[in-house]
Structures are given as C-alpha cells and as structure tokens.
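The values are calculated or read from the model by the stated rules, or taken from the named source; none is laboratory data. Here the structure is a predicted model, which means the values were calculated and not measured. Please note: Cβ atoms are built from the backbone with ideal geometry, for glycine as well, and neighbour counts cover all protein chains shown.
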Amino acid sequence: MSETESAAAAERKPRRLRGHKKGAVTCCVASSARPGVIASSGEDGCLCWFDLRAKDVLLTIEAANKPISSICFKPGNEDFVYASAGNEIFSFDVRMGPQSKPLETYNYNRDEINQIAVTSKGFLAAADDSGDVKIVNTIQKCLYKRLREAHTSICSSVQFIPWRPWTAITGGLDSKLAAWDFSKGRTLFSIDYGSPELQNGSSSGSTGQCFNPAFVHSVAVSEEGILGGLYKVCAVARGDGAVDVVDLEYELAPARSKGPPRATTSTVSSKGTELGDGRSNQIQVKRIHLDYTMGGHTAAVSCVAFSAFGEKGKFLVSGGNDASVKIWDWSKGFSSETNSNAELVLDIDVKKKVNWLCTTPTDSDNLIVCDTSKVVKVYDFR
C-alpha cells in the first residue's frame, strides 16, 4: 500500500456484511483455501458464511443458544468448522446447510472457553477462564493433555506454532505469554509482561495507559516461510495498549538444548535508543514494542493478525478498545540497519471497539473487522 492508497483507505467507508440477528459479532476467520470466504460468530449463537464476491450472507447456522466465543476452520478441510460456546466445543459440516447439527461435541473444559485452535494433525486446543488449556485429540475423540499452572488467571488465547508440530503458545490475563510442549504438558518458556523489568523497559507509560495492566488479550503466530523465511515470530496484543512482536526461535532456543528455561526479562522498543542511536548494528533485536509513541493504541489492544494479502505476513494488523485499527510494517524493527524502525503505515477509525479481525485477498486487499455491532465490516484496499 502506498501512502496515497493508505490515506484513501482510511477515509473509505466499509462494506457491511449482514447476517447476525442481534448482539455483537465476536469472531471472524478467513478461509486460506478459498480467498474471500469469511466465517463469523456472534453473541446470537449463530455462525455466518460470507463470500466477498456475493452481496448477501451465504449461510447462517444457529449453532448454540449462547454466545459463541471463538471459531476456526479445520486445516485441510475447511468444510468443517469448530466453534466454542460456554465450556463446550462443537464441530459443523457447512455442506449440510442451515439445518446443520453438531457432528461432535467436546466438554472437557470446566470454565468458559475464550479461544480455540486446531492443527492439521487433529489436535484441538481450548483456553478457558480457569487458566487451563485442554488439548483434545479429535481423531480418537478423547482428551489428550491438560496444560496448567503457567497461568494464574484467565487464559485468553491459544495458538499452535505451525513449524513446531508439538508446540503451542498461550496468553492470559495474568500478563503472561507461555510456550508449551503439549505432548509432554510442560512449558518451554514464559514471559511475564507484568514484571517490573518489562514494565520499566517499555515506553507504554502514558497518562492514559499507566494504570492498565499488560494483560495478554490475543496472540497471533506467523505462518512458516513469511518474508523469505527470515522470521518466525508471534505478535502479542496487550491490555496496556502495546503490541509486542517476539522472535519465537530465539525464545525457544534454550528448550532445544534441554537446559532450564531462560528468564526473559528484557525488551527492545523499536522506538527506543537501542535502535536509533547507531548501536543497532551490534544489537540482535529479538523483540519489538509498538506503542502509543509510534502512533499506536491508546487503550487495550484486543486482537492482532498477520496480513494474508500482498506479501504474506508483511503487515501486522491490530485492533483495540480505542475503536481503531492499526496496520504496521513490523519487520523493519528487526532490521540491523541503523535507524530502521517498525512503523505505522495506516490508522483506521472504525467508530466502535474492535472484538476481532482478519484479512483476506480477493480482487483487492480486504480487512474484516468485528466490532460491538451485529454487522461485519470490510475495508477494501483496492
């Protein structure tokens, strides 16, 4: 996106996708096999399918009699979708149409589920309010592992790491990010964003944010091979308005050597002196910190996603409670070049708090936003 295109996109009104009956749209996911196909879930308990080439909703399934918190496609067969509602997980075959009934139901979680994720090998992860993550084997239809004791509060997010088949990463409202070997049920590393070292090392101490804890609200893991295979990272949406990007291979290195987990207590701000005073050629940046000083969020960041359009993964998209969506050219922050910083390339005022977002390419680059309304918004960067 050029600067002209960015400015035009910021002023452009979004296309509105209607299908949910009431309440907020809670989640959206984009099909990787069929560009332009979007699934969304809502507080009305419905799942909706949209094709951006069509005007109206393609399919609506009344999936649950309670709000749906999270959805995900089954990798390799996106006719199947998983949805969580309350402490249960349901799977549906969209080919069965509006009258589709759950094919499978899992209720291993004791508390309300906040996010689910699934692998191509059939492992399903569910993070819940107790702080636990349950790993379900959907092929054998049984509980595989219980991941616990890393989080002391609500576990808000979970994702699998695609290039490490037995590794998952979780975030919680205890301000912790944890990576797991879920085959053994043990943590590989943990970062505490609430620790004094990290709080003092970041620049997110603005007047509006100094009292907001660095809760982890969302985690996004990059796909394997993005940007020429140079980066294997995850992005972290924080309650203090900041977004962190973490080099996962660096953090996981101690685990490969079978040594004790390394205490992680330092961070490098992409706006800090480490990257801007000529010393960056001697510093190997392993984390970048995107906050209000760079034009970032002024309230909690609710979600993050790596872009699927253009050069895949080039942009990081974040949405927040400040009713804005930010698009970052993030990889510059990992560059060893002097004065090469991550930068904000687009700021969109979406008018309402953002619950979730995703991206998909069709004839144009599309950003899909779920906010506190019942309408899914699509921003088109043609």
- Item | Boolean, Ala237 is modelled with pLDDT of 95 or more, of a type outside the set (Asp, Glu) and touching a strand residue (DSSP E or B) at 6+ places or on another chain (Cβ under 6 Å) | yes
- Query: Which of the residues spanning region 360-382 are in a loop (DSSP other than H, G, I, E, B) and within 21 Å of Ala237 (Cα to Cα)?
  - Reply: Thr372
- Query: What number of residues within region 57-100 are in contact with a helix residue (DSSP H, G or I) (Cβ under 8 Å, 6 or more places away or on another chain) and either at positive phi or touching a residue at least 40 places away in the same chain (Cβ under 8 Å) (or both)?
  - Reply: 2
- Task: Being of a type in the set (Val, Ile, Thr) and surrounded by 14 or more Cβ atoms within 10 Å (Cβ to Cβ) is the filter here, so list the residues in region 138-167 that pass it.
- Result: Thr138, Ile154, Val158, Ile161, Thr167
- Residue check, Thr298 against (1) of a type in the set (S, T, N, Q); (2) in contact with a helix residue (DSSP H, G or I) (Cβ under 9 Å, 6 or more places away or on another chain); (3) within 28 Å of Thr187 (Cα to Cα); (4) at pLDDT 50 or above, all met but one. Which one? (3)
- Grab the strands (runs of 3 or more DSSP E) fully contained in region 302-359, keeping just those with 1 or more residues being of a type outside the set (A, V, I, L, M), touching a residue at least 60 places away in the same chain (Cβ under 8 Å) and surrounded by 19 or more Cβ atoms within 10 Å (Cβ to Cβ). 315-320, 324-329
- Being of a type in the set (Ser, Thr, Tyr) and modelled with pLDDT under 95 is the filter here, so list the residues in region 120-151 that pass it. Ser120
